[in-house]
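Data first, discussion second: the structure below is written as structure tokens.
The values are calculated or read from the model by the stated rules, or taken from the named source; none is laboratory data. None of the values given here were measured: they were computed from a predicted structure. As a convention, Cβ positions derive from the backbone with ideal geometry for all residues, glycine included, and neighbour counts pool all protein chains shown. For accessibility, only protein heavy atoms count, side chains too; no ligands or nucleic acids. Shrake-Rupley method; radii C 1.70, N 1.55, O 1.52, S 1.80 Å.
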Number of protein chains: 4
Amino acid sequence: MINDFDFRTTCDISGFLKEEIRSIVLYKSDVKDSDIVLDINCGVGEISTEFSKLAQKVYAIDESEQAATISQENIRKHGNIDKVEIINEDELSAIEKIENFDIGIIKAKKDNYIEVIFKVHEKINSKGRIVILTNILDFEVNIVNELSQMNYNPKITQINISNGILLNKGIKMESQNPMTIISIKKR
Amino acid sequence: MINDFDFRTTCDISGFLKEEIRSIVLYKSDVKDSDIVLDINCGVGEISTEFSKLAQKVYAIDESEQAATISQENIRKHGNIDKVEIINEDELSAIEKIENFDIGIIKAKKDNYIEVIFKVHEKINSKGRIVILTNILDFEVNIVNELSQMNYNPKITQINISNGILLNKGIKMESQNPMTIISIKKR
Amino acid sequence: MINDFDFRTTCDISGFLKEEIRSIVLYKSDVKDSDIVLDINCGVGEISTEFSKLAQKVYAIDESEQAATISQENIRKHGNIDKVEIINEDELSAIEKIENFDIGIIKAKKDNYIEVIFKVHEKINSKGRIVILTNILDFEVNIVNELSQMNYNPKITQINISNGILLNKGIKMESQNPMTIISIKKR
Amino acid sequence: MINDFDFRTTCDISGFLKEEIRSIVLYKSDVKDSDIVLDINCGVGEISTEFSKLAQKVYAIDESEQAATISQENIRKHGNIDKVEIINEDELSAIEKIENFDIGIIKAKKDNYIEVIFKVHEKINSKGRIVILTNILDFEVNIVNELSQMNYNPKITQINISNGILLNKGIKMESQNPMTIISIKKR
């Protein structure tokens, strides 16, 4: 397991997923050592780092150059960089080029999130797992509605984590912002 | 109602209670216009401000001079300063001198919190309401245990509030830290 | 204050608002004793009960006959029934007939929720407060978007309450389901 | 991954850990395929089931005969029963007999929880991970205080999960009760 503070982060790149969220993403992805993983909007690479220790191969995709650079650094330090291909390119064209993958992790951050989900769903292997993260309610509602129309019954989980800080006088709880995870398994 | 941003706050004084928490404190206090209120560890005076609009009289107690000053300013601006007596003194000796009150609001912040609760309980009028706020788990457990031993069955409520921020792309939720409210009515 | 268990409830009528939620609704409504209040989808009447103790007049509206009956019973027992007019009629036609009100509390439960909000907004007095409750994410997103298009910047609060149950071995926390409150003040 | 509804549960055995909590326990345990795991108060065996798929060996300990029986059934159906030894015995004497283990998962449910933690800590291999689950605040505070006195700085995480239920009108969130996880790595 990797501590949150082990990752190099930066204010310029939002959406870093903390330990508990990463745990749940890993679990919902049902990752096996033969799996090929797409990490879309990889940010500082925390998800790719985790999967690089468990899967066969990871594609870490982010159109930001800074994200690509920090991701590489984090994966190298805490994961298995040999298994990771970092693709510093627009998500849609990046996904288009990848022919074989079993797991798609999508941080829904930009306006093209529905298109990205469709593209991942279209190309992912049968029985592949798609795990979508968002902290925007509008995105959540739209994603669930789109998936419902495709006759999926997505799992929807909102996670509120508070961490205990040990002060002299006792334990003080501090909240993280809520995160929602939506997941399906491709038919 | 008073918006959180209407209050002048300062990093030097912790424990400011936000709108939703103030609402619940007011409700649990069952305040009537004949009530006399003690606001212990009044901080920036947000609770005294609220009660000054609803009760007969409020004693705002804080041993910090800065707290007393800011409280006065906030109550003057948003409440009814004529009804409030600000007591810039150690809590225990302040409470000792007050002979008649119906509501005790206690921010449990310092090590003497149990003593303060006992003193308030001893002096508050029969059928008086005591509402205790804490974000320290150890305090919460100790307070509940002490009240149980006095044969009270306190109400215990942990409140997790997230506020929606309206971004261009949609609603983003941001969490406040959890707050616990423990309340009893004196027999 | 009224305890949750004081209200008669029934499985047939959903949407009962617990103590902490009622507190926050009261606060956000900024109720004064001269105010006239609309309680739309009043359910078992818990909101009308509260406002009947603080406002000048309350219209409790619900198209369900059972809701109207239980509301009357609850208001009679715990509030001030003389101030309340129970209207057992479709919301939209009920609102249409009321000419003067300052506060609109809306439980968004049925598909016509946007129409109801528009109607309340159209008819409510200037500077009136509209407080909307929902536990459906799609409703929340739509409501906020509609209000934004009317150039409002609504307050959005998601409330997660856990109540402490005092067992022999200690305090166990039990969660209520989350509730979202959206509020505006009419320009 | 195993769905919550895949496990056979029963009202007689409390403390079933849902998907998201199991995810976080697995992550915090940092399990490797050479690890030997103690699952103390195994309940219906959900934790042993998970670890049986990832670790070398699992001891599932519960003094309830019914728990032992259901655990066996669940592990057989969803895990790898060949790796699991079910010990239907008092926790303390069960732990006493096990000489070599790397991970201790403890559901703190009974009054002997501190003794159990001490015993696990005493016997676990160096660098072993202890992950403790509780929903009793008093237990949480006592555990953290005991661990602090042993010069540990435990990680404390309170997890509030809400699951989205897809209704015709939209997504409704339903809350699970909060769960706290306390974890250390043996020095």
Answer residue from region D:14-67, given it is touching a helix residue (DSSP H, G or I) at 6+ places or on another chain (Cβ under 6 Å), free of Cβ contacts under 8 Å to residues at least 60 places away in the same chain and small (Gly, Ala, Ser) and is farthest from the other protein chains (Cβ to nearest Cβ) among those | D:Ala60
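Looking at C:Ile40, C:Ile47, can you tell me which residue is buried (at least 24 other Cβ atoms within 10 Å of the Cβ) and farther than 15 Å from C:Asp4 by Cα?
Numbers: C:Ile47 fails: farther than 15 Å from C:Asp4 by Cα.
It is C:Ile40.
If you scan region C:108-120, which residues turn out to be modelled with pLDDT of 95 or more and surrounded by fewer than 19 Cβ atoms within 10 Å (Cβ to Cβ)?
We begin by selecting, within region C:108-120, every residue modelled with pLDDT of 95 or more; these are C:108, C:112-120.
Listed by number, the residues that qualify are C:Asn112, C:Ile114, C:Glu115, C:Phe118.
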If you go through region A:92-106 one residue at a time, do you hit one that is modelled with pLDDT under 95 and not basic (Lys, Arg)?
-> yes
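Do you know which of the residues in region B:119-131 that are of a type in the set (Lys, Arg) and free of Cβ contacts under 8 Å to residues at least 40 places away in the same chain is nearest to the other protein chains (Cβ to nearest Cβ)? Before you say what the answer is, go through the steps one by one.
Quick first cut of region B:119-131, residues of a type in the set (Lys, Arg) only: B:119, B:123, B:127, B:129.
Among the residues that remain, those that are also free of Cβ contacts under 8 Å to residues at least 40 places away in the same chain are: B:119, B:123.
Values: B:Lys119: 19, B:Lys123: 22 Å.
So, considering only residues that are of a type in the set (Lys, Arg) and free of Cβ contacts under 8 Å to residues at least 40 places away in the same chain, the one nearest to the other protein chains (Cβ to nearest Cβ) is B:Lys119.
Every residue, every condition in (1) under 19 Å from D:Ile21 (Cα atoms); (2) of a type in the set (S, T, N, Q); (3) at pLDDT 95 or above, yes or no:
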residue	(1), (2), (3)
D:Asn125	no, yes, yes
D:Leu147	no, no, yes
D:Thr180	yes, yes, yes
D:Ser183	yes, yes, yes
D:Arg187	no, no, no
Would you mind stating whether C:Ile87 is free of Cβ contacts under 8 Å to residues at least 40 places away in the same chain, aliphatic (A, V, I, L, M) and under 23 Å from C:Ile124 (Cα atoms)?
-> yes
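Can you confirm whether region C:84-95 contains a residue that is within 14 Å of chain D (Cβ to nearest Cβ) and either touching a strand residue (DSSP E or B) at 6+ places or on another chain (Cβ under 9 Å) or surrounded by fewer than 24 Cβ atoms within 10 Å (Cβ to Cβ) (or both)?
Residues of region C:84-95 within 14 Å of chain D (Cβ to nearest Cβ): none.
Among the residues of region C:84-95, not one is within 14 Å of chain D (Cβ to nearest Cβ) and either touching a strand residue (DSSP E or B) at 6+ places or on another chain (Cβ under 9 Å) or surrounded by fewer than 24 Cβ atoms within 10 Å (Cβ to Cβ) (or both), which makes the answer no.
Looking at D:Val44, D:Val25, D:Val37 in this structure, which one is farther than 16 Å from D:Ile132 by Cβ and either β-branched (Val, Ile, Thr) or in contact with a Cys (Cβ under 8 Å, 6 or more places away or on another chain) (or both)? Spell out how you get there, then give the answer.
Values: D:Val25 fails: farther than 16 Å from D:Ile132 by Cβ; D:Val37 fails: farther than 16 Å from D:Ile132 by Cβ.
Answer to the selection: D:Val44.
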(1) among the β-branched types (Val, Ile, Thr); (2) within 20 Å of A:Lys18 (Cβ to Cβ); (3) surrounded by fewer than 22 Cβ atoms within 10 Å (Cβ to Cβ): which one isn't true of A:Ile105, the others all being true?
-> (3)
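Within region B:160-182, does at least one residue satisfy the condition of being more than 12 Å from chain C (Cβ to nearest Cβ), touching a residue at least 24 places away in the same chain (Cβ under 8 Å) and either touching a Phe, Trp or Tyr at 6+ places or on another chain (Cβ under 6 Å) or open to solvent by 10 Å² or more (accessible area, probe 1.4 Å) (or both)? Let's see the steps before the verdict.
Applying the first criterion (more than 12 Å from chain C (Cβ to nearest Cβ)) to region B:160-182 yields B:177.
Next cut, touching a residue at least 24 places away in the same chain (Cβ under 8 Å) only: B:177.
Retained after the next criterion (residues that are either touching a Phe, Trp or Tyr at 6+ places or on another chain (Cβ under 6 Å) or open to solvent by 10 Å² or more (accessible area, probe 1.4 Å) (or both)): B:177.
Looking through region B:160-182, at least one residue is more than 12 Å from chain C (Cβ to nearest Cβ), touching a residue at least 24 places away in the same chain (Cβ under 8 Å) and either touching a Phe, Trp or Tyr at 6+ places or on another chain (Cβ under 6 Å) or open to solvent by 10 Å² or more (accessible area, probe 1.4 Å) (or both).
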Residues satisfying the stated conditions in region D:51-67, i.e. open to solvent by 10 Å² or more (accessible area, probe 1.4 Å) and either under 19 Å from A:Lys28 (Cβ atoms) or over 12 Å from the mean Cα position of the chain (by Cα) (or both) = D:Lys53, D:Leu54, D:Gln56, D:Lys57, D:Glu63, D:Ser64, D:Glu65, D:Gln66
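Restricting the search to region A:132-151, which residues are open to solvent by less than 20 Å² (accessible area, probe 1.4 Å), more than 8 Å from chain D (Cβ to nearest Cβ) and not polar (S, T, N, Q)?
A:Ile132, A:Leu133, A:Ile136, A:Leu137, A:Asp138, A:Phe139, A:Ile143, A:Leu147
Which of the residues spanning region C:68-83 are open to solvent by 20 Å² or more (accessible area, probe 1.4 Å) and out of contact with any strand residue (DSSP E or B) (no Cβ under 8 Å at 6 or more places or on another chain)? Break it down stepwise before answering.
Narrowing region C:68-83 to residues open to solvent by 20 Å² or more (accessible area, probe 1.4 Å): C:69, C:72-73, C:76-83.
Selection gives C:Thr69, C:Glu73, C:Arg76, C:Lys77, C:His78, C:Gly79, C:Asn80, C:Ile81, C:Asp82.
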